[in-house]
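First the structure, in the form of structure tokens, and then the observations on it.
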Amino acid sequence: MYCQKGKKMTAKSLFACGLSELKKVLAEAGMPAFRAGQIHDWIFRKFVFSFDEMTNISVADRAMLKEAFPRILPPVHRFLKDSDGTCKVVLKLSDEALIEAVAIPDEDSMTFCLSTQVGCPVGCLFCRTGESGFTRNLTAEEILLQVMVLVKRTGVKPTNIVFMGMGEPFYNRRALFEAIDMLTDPQGLAMATRRITISTSGVIEGIMELIDRPGEVNLAVSLHVADDNGRNTLVPINKRYPLGRLKEAIGTYCDRTGRRVTLEMVLLHNINDQYNDALNLVNFCEGLIVHVNIVRFNHFPGAKYQPASAQNEKEFRRVLKKAGIAVTVRKSRGQEILAACGQLAGKENV
Ligand code: SF4
């Protein structure tokens, strides 16, 4: 059995090779075409990750499949669990790249936070992922396998998926949208699109493409600063997509979809937590259907910033509320295991 450009396959997982490879292997082995559907069903509907347990496939075919794909999922490099129940998996991909994905349980929900890139080219100054630079985009299968590994490790299916892990999702649109199509496939995980959120630092082409896609995928924008000078420094992508254009794109999304956009704000002590910063945000929100989510800064080793004081955060919220803007504060989850917002790094020393 062969995988990828004719090389003999030794220890690659099915997901590392890509699902399309499965069909090729089945055809080469002379197995009936419906086998692909059966395998798909076992993996995506029944969450069975061992060929031995796929009992409607003949023993001979199972043996052949095991030879071709010694593993369905890659091994988990590290698995960590926070005392608040949040779990983080670190996966080593076939090229040794490390990525992280997080499962966040709540009373009646389970949110999976997924990565779309190895590292991130955006380089936001308060983010551990941005600090580590950019290596490459993930494939759709590599995005999807994070879901499968988290289901296997937690034993729970996600109720919500957020693309807020490592990377800028809209810089990897092809794989992102392919993964979303697989997650929402009625023959597979069958997730509702409205249970999925893409968080972008402001890639306008991505917002426009999302508007044109079917479904009700939610949009979150990591805004953090609502004046161009400050945002150029803290979120460098702003030089390419300044606030005026970003606001226009968000407005188009709201008008065309009728859906509300979440603006994420990480408040940093003496950087973007002042009265004027709140007023700038009020101006930015004018005319948009938005909701502001204040995210507490999660410290990580070597971080230069401190979270906003409780007093400044309270005042910031007061200004927004007075202007009639819906505002919430996101609970920080998974801090002990460096799994909270801005803490993912894909490093050995998690
Ligand atoms: S906050 Fe998001 S976009 Fe910015 S560097 Fe981190 S992962 Fe990239």
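The values are calculated or read from the model by the stated rules, or taken from the named source; none is laboratory data. Fair warning: this is a prediction, and the values are worked out from it, not measured in the lab. Backbone-built Cβ (ideal geometry, glycine too); neighbour counts: all protein chains shown.
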Can you name every residue in segment 66-78 that is of a type in the set (A, V, I, L, M, F, W, C) and surrounded by fewer than 16 Cβ atoms within 10 Å (Cβ to Cβ)?
VAL76
Contact list, first residue from segment 28-55 and touching a residue at least 60 places away in the same chain (Cβ under 8 Å) and surrounded by 14 or more Cβ atoms within 10 Å (Cβ to Cβ), second anywhere and in a loop (DSSP other than H, G, I, E, B) and not aliphatic (A, V, I, L, M), beta-carbon distance below 6 Å, six or more apart or interchain, is PHE44/GLY188
Counting only residues that are of a type outside the set (Gly, Ala, Ser), surrounded by 19 or more Cβ atoms within 10 Å (Cβ to Cβ) and over 17 Å from ALA278 (Cα atoms), segment 205-232 contains a total of 5
Hits in segment 58-73 - residues which are out of contact with any helix residue (DSSP H, G or I) (no Cβ under 6 Å at 6 or more places or on another chain) and of a type outside the set (S, T, N, Q)
VAL59, ALA60, ASP61, ALA63, MET64, GLU67, PRO70, ARG71
List every residue pair whose Cβ atoms sit under 7 Å apart, with the two residues 6 or more apart in sequence or on different chains, where the first one lies in segment 242-259 and is among the charged types (D, E, K, R) and the second, anywhere, is part of a helix (DSSP H, G or I) and at pLDDT 95 or above.
ARG245/ILE204; LYS247/PHE284; ARG256/ILE211
Within the group ALA175, ALA220, which residue is in the same structural domain as GLN274 (by TED's automatic domain parsing), closer than 19 Å to ARG136 by Cα and either away from the ligand (no atom under 16 Å from the Cβ) or touching a strand residue (DSSP E or B) at 6+ places or on another chain (Cβ under 7 Å) (or both)?
ALA175
Given (1) over 21 Å from GLY202 (Cβ atoms); (2) not in a helix (DSSP H, G or I), identify the lone condition not met by LYS321.
(2)
In the set VAL292, VAL282, VAL319, which member is β-branched (Val, Ile, Thr) and in contact with a strand residue (DSSP E or B) (Cβ under 8 Å, 6 or more places away or on another chain)?
VAL292
Given (1) more than 16 Å from the ligand (Cβ to nearest atom); (2) not in a helix (DSSP H, G or I), LYS247 misses just (2)
Single match in THR129, THR139, THR135 (criterion: of a type in the set (S, T, N, Q) and free of Cβ contacts under 8 Å to residues at least 40 places away in the same chain):
THR135
Which residue out of ASN270, ASN238 is of a type in the set (S, T, N, Q) and under 24 Å from THR116 (Cβ atoms)?
ASN238
Among (1) within 27 Å of the chain's Cα centre (by Cα); (2) surrounded by fewer than 18 Cβ atoms within 10 Å (Cβ to Cβ); (3) more than 24 Å from GLU209 (Cα to Cα); (4) in contact (Cβ under 8 Å) with a residue 12 or more places away in the chain, TYR275 falls short only on (1)
Check segment 282-298 and report whether any residue there is surrounded by 21 or more Cβ atoms within 10 Å (Cβ to Cβ), more than 30 Å from VAL90 (Cα to Cα) and polar (S, T, N, Q).
no
Assess whether SER199 counts as being away from the ligand (no atom under 16 Å from the Cβ), polar (S, T, N, Q) and either crowded, with 20+ Cβ neighbours inside 10 Å or over 15 Å from the mean Cα position of the chain (by Cα) (or both).
no
For PHE112, state whether it is surrounded by 19 or more Cβ atoms within 10 Å (Cβ to Cβ), on the phi < 0 side of the Ramachandran plot and in the same structural domain as ARG231 (by TED's automatic domain parsing).
yes
